[in-house]
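Worksheet: one structure, shown below.
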Amino acid sequence: MVANHDIHLTVRKGTVHALVGENGAGKSTLMKILYGMQKPDEGTIQIDGEQVSFSSPADAITRGIGMVHQHFMLADNLTVLENVVLGSEKLHGIGGGARKKIKEISDRYGLGIRPDVLVEDLGVADRQRVEILKVLFRGARTLILDEPTAVLVPQEVDALFDNLRELKSEGLSVIFISHKLGEVLSVADDITVIRRGTTVGTAIPSQTTPRQLAELMVGSELPTPETAESTVTDRAVLEVRNLTVHARGAVSMGTEEEPSAEGLTEFAPAGEVKKVLDDVSFTIHAGEVMGIAGVEGNGQTELIDALIGTKHADSGSIVFLDEDITPWPTRKRRESGVGYIPEDRHRQGLLLEAPLWENRILGHVTEKPNAKGFWLNPKGAQDDTRRIVEEYDVRTPGIDVTAASLSGGNQQKLIVGREMSHDPKFLIAAHPTRGVDVGAQAQIWDRIREARREGLAVLLISADLDELIGLSDTLRVIYDGRLVADADPATITPEELGSAMTGAASGHLEHEETAPEGDDNAGPEDEAR
């Protein structure tokens, strides 16, 4: 199978060069080649007019190429400083020199990095900032950014783009990979489009529209997540009451004296107990999509963990289909009809070195067609994996290849197909279209809308604010572990929602008030719109 064939790409010094294409088009393979992770079979690479050949990422780094992967390459059990200097200790040492350099880079580009925080205590957005700093720490002159805005609110995207423009002004070059075509057109100086592993065209942003770019990529118009009709019923599927989760040593990218401006979890000294989810209550009804909007690190992950059962709440209750499932283990919740699209497909959704049909079984090991009685049913899982591959257009040479061999978007389609195949009554959808192309995005949206019409209740957590606004029937804002406001999806704009997520007020938001004792503050009349 040929991943890249006859690729042509020229990146001008001091520019942002966007690379776009559908899932499986060959973008990831091309970037692996440019970063020394994979050797090409044919063709040449030139830097400043000199032909080069990379045998490892170390070779690429030596020539000034750095890459921020969509799925981060960080060691959770190490601090930010240790992750940044790992493998490059000779540059600035591992003590005061490295700390000084990290602070200098962090301050210069507004990254807000605290070097002594453990990476395992950071949210996704903060991990991305560490990755960017790590690349700059190594002296990169060409940065490869793979889906860098996937977890950012509009204001953060604007700040990132300002940083990219500053990098350009200093003569650095950026290869920018994204499926958000509007962002591509706003930040790029040049655009290269690849399809099925081959360069099919270039575009000048000032002379191109998102629709034209989408058609060049996949031959179809740009999809929208808008939901025309309401399917919300008065039948409660999930009722969450006063849910509270504690954590020890919860941290943010701010300091005790200067809290984070991004609205992340407040600083807590190691060992101190903090509420990362604080007295959260809501109800989701059959046929309803409830969106949760919030900057990464404000309690979304803890909410997901509590609902799926991987972390038990310290207080409060979870009622699913009139049964209190608060003490239930994850397996029992899954078997009872709780579907789960995780926020990080590599860490939580897949066994990367296992074949696709074994990944089909994950989370549903006791259910048909994966099981017959008490025994696994490999043939049933294999046959159903073929169905999912066909139905969800998972680009793969077969079901026996490993999940790691698929592009990120095709991995995501496999997960969505797996979860929707069990007809869940309640679906936790965390960033369901992160890293997928416009065609796959439209397909996933259609699946969610179709299941919603049939009575599925959905909790949607997404960094794509257009997706949140378009798909949601009700919309809540989470901030510092609390649901602080409601937003009307029919009137709110992404910019207003982004402001609310960072703690700013908005005229289109209804701020929640503490309910009187004994009052159910999230009944159908509050939830259904």
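The table below lists the values:
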quantity: Single residue of the range 2-33 satisfying the filter (closer than 20 Å to G435 by Cα and hydroxyl-bearing (S, T, Y)) that is modelled with the highest pLDDT; calculated: T29
quantity: Hits in the range 174-196 (condition: buried (at least 20 other Cβ atoms within 10 Å of the Cβ) and small (G, A, S)); calculated: S178, A188
quantity: Of all residues making up the range 294-321, the number that are open to solvent by 40 Å² or more (accessible area, probe 1.4 Å), touching a residue at least 60 places away in the same chain (Cβ under 8 Å) and of a type outside the set (G, A, S); calculated: 5
quantity: Spans of strands (runs of 3 or more DSSP E) in the range 433-503 with at least 3 residues touching a residue at least 24 places away in the same chain (Cβ under 8 Å), under 18 Å from the mean Cα position of the chain (by Cα) and within 23 Å of N298 (Cβ to Cβ); calculated: 457-461
quantity: Yes/no for T283 being among the hydroxyl-bearing types (S, T, Y) and part of a loop (DSSP other than H, G, I, E, B); calculated: no
quantity: Of all residues in the range 460-474 being more than 15 Å from I284 (Cα to Cα) and among the acidic types (D, E), the one that is least open to solvent (accessible area, probe 1.4 Å); calculated: E467
quantity: Looking only at the range 34-91, and only at residues there that are polar (S, T, N, Q) and over 30 Å from R114 (Cβ atoms), the one that is modelled with the lowest pLDDT; calculated: Q38
quantity: Residue that is nearest to N163 (Cα to Cα) [pool: residues in the range 106-125 that are part of a helix (DSSP H, G or I) and open to solvent by 10 Å² or more (accessible area, probe 1.4 Å)]; calculated: Y109
quantity: The range 138-173 - residue that is more than 25 Å from V438 (Cβ to Cβ), at pLDDT 85 or above and not hydrophobic (A, V, I, L, M, F, W, C) and, of those, surrounded by the fewest Cβ atoms within 10 Å (Cβ to Cβ); calculated: G171
quantity: From the options I399, I444, residue that is touching a strand residue (DSSP E or B) at 6+ places or on another chain (Cβ under 7 Å) and open to solvent by less than 30 Å² (accessible area, probe 1.4 Å); calculated: I399
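Conditions (1) touching a Gly at 6+ places or on another chain (Cβ under 7 Å); (2) of a type in the set (F, W, Y), marked per residue:
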site	(1), (2)
G49	no, no
S55	yes, no
M67	no, no
M73	no, no
V85	no, no
A98	no, no
S106	yes, no
F137	no, yes
L143	yes, no
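The values are calculated or read from the model by the stated rules, or taken from the named source; none is laboratory data. Only a predicted model underlies this, so the values are computations on that prediction, with no experimental measurement involved. In this analysis, Cβ positions are derived from the backbone assuming ideal geometry, glycine residues included, and neighbour counts consider all displayed protein chains. These accessible areas exclude ligands, DNA and RNA; they are computed on the full protein's heavy atoms, side chains included. Shrake-Rupley method; radii C 1.70, N 1.55, O 1.52, S 1.80 Å.
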